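One structure is given here, and the rest of the page talks about it.
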Amino acid sequence: MKNKPTTEQSSSYNNLEKMNTFELLSNINAEDKTVPYAIEKAIPSIEKLVDIIYAKMSNGGRLFYIGAGTSGRLGVLDASECPPTFGVSDDWIIGLIAGGDIALRKAVENAEDDENLAWKDLLKYNITDKDVLIGVAASGTTPYVIGGLKKAKQHHIITGCIVCNENSPLSLDADYPIELIVGPEFVTGSTRMKAGTAQKLALNMISTAVMVKLGRVKDNKMINMQLSNKKLVNRGVEMLVGELHIEVSLANMLLKKHKSVKKVLDLYKNKSI
């Protein structure tokens, strides 16, 4: 039925169980290829949201994501990857999922249907009008997310959303709506597929662009990354060798001493080492 929301419309493919493995994979891939084009159409909307987030975070604000199910997990994932990637504190970008952390692994019954729950979750982090709140919901109808955004707006908090249906209730409530219209899913209604992929891409763009604008990247390098394993230490050494034209042994020594690529670069620039 065409009057259904896009995310609930019937798949363009029938009799999936009769397809062989190659057909299944090829058809899923064919659908996935359409996702970047949906993202491209939304870049102007993403740009507006990135710019307001940058302005708020430049003045001490934070970024919050709220969502349920796949959407909530993607928000938590993006937030959790920013500290190791960009060296920011883990209370600067915060992802919340309906039902709490247990919902990352197992669905929590009825959690997403509580319109009051998100605001209670946000109050635990003392959210204020210095911050920005993004609701992530493929359908754009999730009560947990809608309730959170409505309460945030009452407290003069800037809001955005990432949805996959046009003119959804969530879009209408958000100051900066992002609509990623990826079309019906390969498996009807399975929004963990194209919709989830689109949301992940948009979240990547938002957090990465904001972090670059905030100076957390130099050239194309993650100079603020946390050196939490051998691979990242080796990457840091390579950065120092490339930037400062020094020997590997010296780069190793400096990185071991100062624990930060950026700190070494700054000290070198100021001729403090």
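The values are calculated or read from the model by the stated rules, or taken from the named source; none is laboratory data. These numbers come from a predicted model, not from an experiment. Positions of Cβ are backbone-derived with ideal geometry, glycine not excepted, and every protein chain shown enters the neighbour counts.
Numbers for the structure displayed
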read-out	value
Residue within segment 24-38 that is of a type in the set (Ser, Thr, Tyr), outside any loop (DSSP other than H, G, I, E, B) and under 23 Å from the mean Cα position of the chain (by Cα) present	yes
Residue match in segment 9-31 (condition: in contact (Cβ under 8 Å) with a residue 40 or more places away in the chain, in contact with a helix residue (DSSP H, G or I) (Cβ under 9 Å, 6 or more places away or on another chain), within 21 Å of Met205 (Cβ to Cβ) and not aliphatic (A, V, I, L, M))	yes
Segment 109-147: number of residues that are under 24 Å from Ile53 (Cβ atoms), of a type in the set (D, E, K, R) and touching a Phe, Trp or Tyr at 6+ places or on another chain (Cβ under 7 Å)	1
Meets criteria (more than 21 Å from Ile46 (Cα to Cα), out of contact with any Cys (no Cβ under 6 Å at 6 or more places or on another chain) and acidic (Asp, Glu)) for Asp129	no
Within segment 252-265, tally of residues that are part of a helix (DSSP H, G or I) and more than 13 Å from Met239 (Cα to Cα)	4
Checklist (1) in a loop (DSSP other than H, G, I, E, B); (2) more than 20 Å from Thr208 (Cβ to Cβ) applied to Lys120, failing item	(1)
Tabulated pairs, segment 213-238, first over 25 Å from Leu49 (Cβ atoms), second of a type in the set (D, E, K, R) and surrounded by fewer than 16 Cβ atoms within 10 Å (Cβ to Cβ), C-beta under 8 angstrom, 6+ apart or interchain	Leu227/Lys259
The listed residue being assigned by TED's automatic domain parsing to the domain that holds Ala198, among the aliphatic types (A, V, I, L, M), free of Cβ contacts under 8 Å to residues at least 24 places away in the same chain and not in a helix (DSSP H, G or I), out of Val108, Val88	Val108
Wholly enclosed helices (runs of 4 or more DSSP H) of segment 138-251 bearing at least 3 residues farther than 26 Å from Thr85 by Cα	143-154, 169-173
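One line per residue, one yes/no per condition, for (1) at pLDDT below 95; (2) under 18 Å from Val88 (Cα atoms); (3) out of contact with any strand residue (DSSP E or B) (no Cβ under 8 Å at 6 or more places or on another chain); (4) surrounded by fewer than 18 Cβ atoms within 10 Å (Cβ to Cβ):
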{"residue": "Lys213", "(1), (2), (3), (4)": "no, yes, yes, yes"}
{"residue": "Leu244", "(1), (2), (3), (4)": "yes, no, yes, yes"}
{"residue": "Ser249", "(1), (2), (3), (4)": "yes, no, yes, yes"}
{"residue": "Leu265", "(1), (2), (3), (4)": "yes, yes, no, no"}
{"residue": "Lys269", "(1), (2), (3), (4)": "yes, no, yes, yes"}
{"residue": "Ser272", "(1), (2), (3), (4)": "yes, no, yes, yes"}
